[in-house]
Amino acid sequence: MVGSLPVTAAPPTRRAVLVAGALAAGGLLPLAGCTSTAPSPDPQPPAADADPDAAVRADAVRRELTLLAAYDAALRAHPPQAALLRRLRAEHAEHLVALGAAPSPSPTPSSSRRSARAAVGRLPAAEQAAASAHARAALGASRSLASLLAALAAAETSHVEALA
């Protein structure tokens, strides 16, 4: 109350509400919060389609390709356990497909028994290294990729046991 007369505020008119909404939608109201820094001359919009797991997935693909190459080298040497190596190699090809990459074709065998023993002897260490790397990478990946990497790490660990 001012003096003896009551003061009541009139509700906003429909026009006032619409104008305020248009100003807010048009971005004119946020101008009150401007800063003194000038916008960058060439702002880069964020990549909407960028896959946050792309680098992690690419590293996993490289590990699987390295394992395929190691199996290919072992198989070229005609080892006595060629059937087991072909089965494990096929699993690595499946891993690549799961990661969204294409596997390479199987190798053509050729080489000596001594090189076969050496090539096969390197496989458990390569499998263990890949299993550890997949497990570490899973810690920083999205849930779906982390799940896949954990499964790959488990598979590589089982390959170590199969090769023992």
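Show log10 I(q)/I(0) for the range 54-163 at q = 0.23 Å⁻¹, two decimals, from a solvent-free Debye sum over equal Cα scatterers.
After summing over all Cα pairs, the log10 values are -1.20.
I'd like the FRET efficiency for residue 154 and residue 78, computed as 1/(1 + (r/R0)^6) with the beta carbon distance as r and R0 of 22 Å, rounded to 0.05. Write down the numbers at each step before the final one.
On the way: r = 30 Å, r/R0 = 1.36.
Between residue 154 and residue 78 the formula returns 0.15.
Starting from 0.36 nm per residue, how many nanometres of slack lie between residue 139 and residue 65 once their C-alpha separation is accounted for?
Length gained, residue 139 through residue 65: 24.5 nm.
Every number here is computed from the coordinates shown, using simple stated rules; none is lab data. Remember, it's a predicted structure, so these values are computed and weren't measured experimentally. Neighbour counts are summed over all protein chains in view; Cβ atoms, including those assigned to glycine, are modelled from backbone coordinates with ideal geometry.
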